[in-house]
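Working notes for the structure below.
The values are calculated or read from the model by the stated rules, or taken from the named source; none is laboratory data. In this text the structure is predicted, and so the values were computed from the model without any measurement. With ideal geometry, Cβ positions are generated from the backbone for all residues, glycine too; neighbour counts draw on all protein chains shown. For the accessible areas, the whole protein counts, side chains as well, though only heavy atoms, and no ligand, DNA or RNA atoms are used. Shrake-Rupley method; radii C 1.70, N 1.55, O 1.52, S 1.80 Å.
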Amino acid sequence: MGAGADRALQAAPPARGAARSPADECVHCGFCLPVCPTWQSWQEEMDSPRGRIDLFRGLQEGELAMSDAVAAHFDRCLGCMACLGACPSGVRYDHVIDAARARVEREHRRPALERLHRAFVFSLFPHPGRLRAAALLLWLWRVSGLRWLFRRTGLLRLSRRLEQLEALAPPLALRDVLATIPPATGAHGERRLRVGLVTGCVQKVFFPGVNAATVRVLAAEGVEVVAPPGQGCCGALSVHAGRLDEARRLARALVERFEGLPLDAIVVNAAGCGSHLKDLAHLFEGDPEFAPRAAAFAARVRDASELLAGLPPRAPRAPLAARVAYHSPCHLQHAQGVGGAPRALLATIPGLELVEIADGDQCCGSAGIYNLVQPESASEIGRRKAEAVMATGATVLASANPGCTLHVRRLLEERGAGVEPAHPLELLDRAIQAARRG
């Protein structure tokens, strides 16, 4: 099944009358250039969407062979999908870059240290149990004084990759590391909907407060929430890194956790997971047995803000005096087309001042594991985002994606900016809980 689906994603040029490849739809108009972060950084044609499409066409047609240079151009793409909205021809660049990266994984042998680093990343992040154990070790690392010692002596700088990972990790209390959410939470008052919650990997372990706030807000708005235990990774990180068989295995296991449950929707509060799950049918289009199941699952997926913005507010909100800058995650704004819903929810909080970030639709540089495997580019792009946030004078940065929050938080801290990161639903939860206490 895996090999067949790989061929479906990476087919040779179609015969006469056959379906066209997404890469064939590109007319080289150049509308994608100004919205592409890597083209903005380097002004290099092959580091733009249309340039990468040309490279992919060359590989398909046999005019190019896979090489270090070709692989590097695909690796340097953030997969932010800003080009999707800018393209007048409707090119599915997301499908092109996923297929290109799968081909890189199959045909290109990376240097040994890079292979080891990627193996470590994927042996950890898609596994919530291992990630929780790592979070516990991280908590011990900090409270024991080892972190202070390694920073003071400069030992941490001996490994740049380790230093990068350590800097990204958020502050965690022991209760955060051990936190869980109930498998079922009843609606307050008359039930409007019954939904399932995808609890995620990084979200579950490093941002348990986001899942807890999501459940409380949904319940307060009359939504019953089911969180099936034993959920694993949805496969988003894997598919965006070209690890298609791994992505299918993880996605299939998640679908099977939710199948058969009487639910009105499946709710996701992490933008990257949501965009992947809404497009799940594409991942399984080479699997006639599972593709209909994946499509049925995808049809029920909703971002939490998308679902809540469609319900007339029921729970009272207390005033929240804060100047909030909203960062629009790429996989929510560009891939899912959900831009107004989070802003609409924040606008229901009395006293909250919502401000826009200059070039707010531009990627922050996190992009899944991009900031771990392309740290220089991620920092260059993230610096632009951090400086734009600071220019707003905001005291809070709202973002609906854990990777964005981790990445921008680090860059803001490095610049001494006292900006608190928060998920929009955490802010909404504060207002609702304050009104209840009042």
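What is the residue count in the range 74-113 for residues that are touching a residue at least 24 places away in the same chain (Cβ under 8 Å) and farther than 14 Å from GLY242 by Cα?
Residues that pass the stated criteria total 14.
Tell me yes or no: at least one residue of the range 27-35 is crowded, with 20+ Cβ neighbours inside 10 Å and modelled with pLDDT under 95. Before you say what the answer is, go through the steps one by one.
Going through the range 27-35, the residues crowded, with 20+ Cβ neighbours inside 10 Å turn out to be 32, 35.
Restricting the remaining residues to those that are modelled with pLDDT under 95 gives 32, 35.
Scanning the range 27-35 turns up at least one residue that is crowded, with 20+ Cβ neighbours inside 10 Å and modelled with pLDDT under 95.
Residues checked against (1) buried (at least 20 other Cβ atoms within 10 Å of the Cβ); (2) in contact with a helix residue (DSSP H, G or I) (Cβ under 6 Å, 6 or more places away or on another chain); (3) farther than 29 Å from VAL338 by Cβ:
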position	(1), (2), (3)
GLU45	no, yes, yes
ASP54	no, no, yes
ALA65	no, no, yes
PRO88	no, no, no
ILE97	yes, no, no
TRP141	no, yes, yes
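Could you check, for the range 295-305, whether at least one of its residues is of a type in the set (Lys, Arg), in the same structural domain as GLY235 (by the TED database) and open to solvent by 10 Å² or more (accessible area, probe 1.4 Å)? Outline the logic, then answer.
So the first thing to find is which residues in the range 295-305 are of a type in the set (Lys, Arg), and the list is 300, 302.
Adding the requirement that they be in the same structural domain as GLY235 (by the TED database) leaves 300, 302.
Within this subset, residues satisfying the condition of being open to solvent by 10 Å² or more (accessible area, probe 1.4 Å) are 300, 302.
Checking the range 295-305: at least one residue is of a type in the set (Lys, Arg), in the same structural domain as GLY235 (by the TED database) and open to solvent by 10 Å² or more (accessible area, probe 1.4 Å).
Can you pull out the residues in the range 311-325 that are out of contact with any Leu (no Cβ under 6 Å at 6 or more places or on another chain) and open to solvent by less than 60 Å² (accessible area, probe 1.4 Å)? Write out each step before concluding.
Here is the first cut: in the range 311-325, the ones out of contact with any Leu (no Cβ under 6 Å at 6 or more places or on another chain) are 311-319, 321, 323.
Once the filter is applied, which keeps residues that are out of contact with any Leu (no Cβ under 6 Å at 6 or more places or on another chain) and open to solvent by less than 60 Å² (accessible area, probe 1.4 Å), the range 311-325 yields LEU311, ALA315, ARG317, ALA318.
Say whether the condition of being open to solvent by 10 Å² or more (accessible area, probe 1.4 Å), in contact with a His (Cβ under 7 Å, 6 or more places away or on another chain) and more than 29 Å from GLN433 (Cα to Cα) is met by at least one residue in the range 256-274. Don't jump to the end; show me each part of the working.
Within the range 256-274, the subset open to solvent by 10 Å² or more (accessible area, probe 1.4 Å) is 256-257, 259-264, 272-273.
Okay, now just the ones that are also in contact with a His (Cβ under 7 Å, 6 or more places away or on another chain), so 272.
Those left that are additionally more than 29 Å from GLN433 (Cα to Cα): none.
Scanning the range 256-274, I find no residue that is open to solvent by 10 Å² or more (accessible area, probe 1.4 Å), in contact with a His (Cβ under 7 Å, 6 or more places away or on another chain) and more than 29 Å from GLN433 (Cα to Cα), so the answer is no.
So which residues in the range 258-279 are out of contact with any Leu (no Cβ under 9 Å at 6 or more places or on another chain) and either without any contact (Cβ under 8 Å) to a residue 60 or more places away in the chain or of a type in the set (Lys, Arg) (or both)?
Those that are out of contact with any Leu (no Cβ under 9 Å at 6 or more places or on another chain) and either without any contact (Cβ under 8 Å) to a residue 60 or more places away in the chain or of a type in the set (Lys, Arg) (or both): GLU259, GLY260, LYS278.
Check the range 348-355 and report whether any residue there is in a loop (DSSP other than H, G, I, E, B), on the phi < 0 side of the Ramachandran plot, surrounded by fewer than 21 Cβ atoms within 10 Å (Cβ to Cβ) and without any contact (Cβ under 8 Å) to a residue 60 or more places away in the chain.
no
Pairs only if they're at least six apart or on different chains, beta carbon under 8 angstrom, first in the range 168-191 and on the phi > 0 side of the Ramachandran plot, second open to solvent by less than 80 Å² (accessible area, probe 1.4 Å); list them, first residue then second.
The qualifying pairs are GLY189/GLY222.
Run ALA241 past the list (1) open to solvent by less than 20 Å² (accessible area, probe 1.4 Å); (2) modelled with pLDDT under 95; (3) in the same structural domain as ALA281 (by the TED database); (4) over 25 Å from the mean Cα position of the chain (by Cα) and report the number of the one that doesn't hold.
Here ALA241 clears every test but (4).
Residue check: is VAL217 in contact with a Leu (Cβ under 7 Å, 6 or more places away or on another chain), modelled with pLDDT under 95 and assigned to a helix (DSSP H, G or I)? So that I can check it myself, show each step before the final result.
Numbers: in contact with a Leu (Cβ under 7 Å, 6 or more places away or on another chain): yes; modelled with pLDDT under 95: no; assigned to a helix (DSSP H, G or I): yes.
No: the conditions fail for VAL217.
Of all residues in the range 382-423, count the ones that are under 17 Å from the mean Cα position of the chain (by Cα) and assigned to a loop (DSSP other than H, G, I, E, B).
Number of matching residues: 3.
Quick check on the range 189-207: of everything there that is assigned to a loop (DSSP other than H, G, I, E, B) and in contact with a strand residue (DSSP E or B) (Cβ under 9 Å, 6 or more places away or on another chain), which residue is most open to solvent (accessible area, probe 1.4 Å)? Give the steps one after another, and end with the answer.
Filtering the range 189-207 for residues assigned to a loop (DSSP other than H, G, I, E, B) gives 189-192, 199-201, 207.
Add one more test, that the residue is in contact with a strand residue (DSSP E or B) (Cβ under 9 Å, 6 or more places away or on another chain), and what stays is 191-192, 200.
Numbers: ARG191: 134, ARG192: 75, GLY200: 10 Å².
This residue is ARG191.
Would you confirm, using the coordinates I've provided, whether GLU426 is under 27 Å from ALA72 (Cα atoms), open to solvent by 10 Å² or more (accessible area, probe 1.4 Å), within 21 Å of the chain's Cα centre (by Cα) and touching a residue at least 60 places away in the same chain (Cβ under 8 Å)? Before you say what the answer is, go through the steps one by one.
Values: under 27 Å from ALA72 (Cα atoms): no; open to solvent by 10 Å² or more (accessible area, probe 1.4 Å): yes; within 21 Å of the chain's Cα centre (by Cα): yes; touching a residue at least 60 places away in the same chain (Cβ under 8 Å): yes.
No: the conditions fail for GLU426.
Quick one: which of ALA173, ALA184 is of a type in the set (A, V, I, L, M, F, W, C), in contact with a strand residue (DSSP E or B) (Cβ under 7 Å, 6 or more places away or on another chain) and either surrounded by fewer than 23 Cβ atoms within 10 Å (Cβ to Cβ) or closer than 22 Å to SER399 by Cβ (or both)? Give the derivation first.
On the way: ALA173 fails: in contact with a strand residue (DSSP E or B) (Cβ under 7 Å, 6 or more places away or on another chain).
Exactly one of ALA173, ALA184 is of a type in the set (A, V, I, L, M, F, W, C), in contact with a strand residue (DSSP E or B) (Cβ under 7 Å, 6 or more places away or on another chain) and either surrounded by fewer than 23 Cβ atoms within 10 Å (Cβ to Cβ) or closer than 22 Å to SER399 by Cβ (or both), namely ALA184.
Residue check, PRO342 against (1) within 18 Å of GLU380 (Cα to Cα); (2) touching a Ser or Thr at 6+ places or on another chain (Cβ under 7 Å), all met but one. Which one?
With respect to (1) within 18 Å of GLU380 (Cα to Cα); (2) touching a Ser or Thr at 6+ places or on another chain (Cβ under 7 Å), PRO342 is out only on (1).
List the number of the failed condition for GLY186; all other conditions in (1) modelled with pLDDT of 80 or more; (2) not assigned by the TED database to the domain that holds VAL225 hold.
The one condition GLY186 does not meet is (2).
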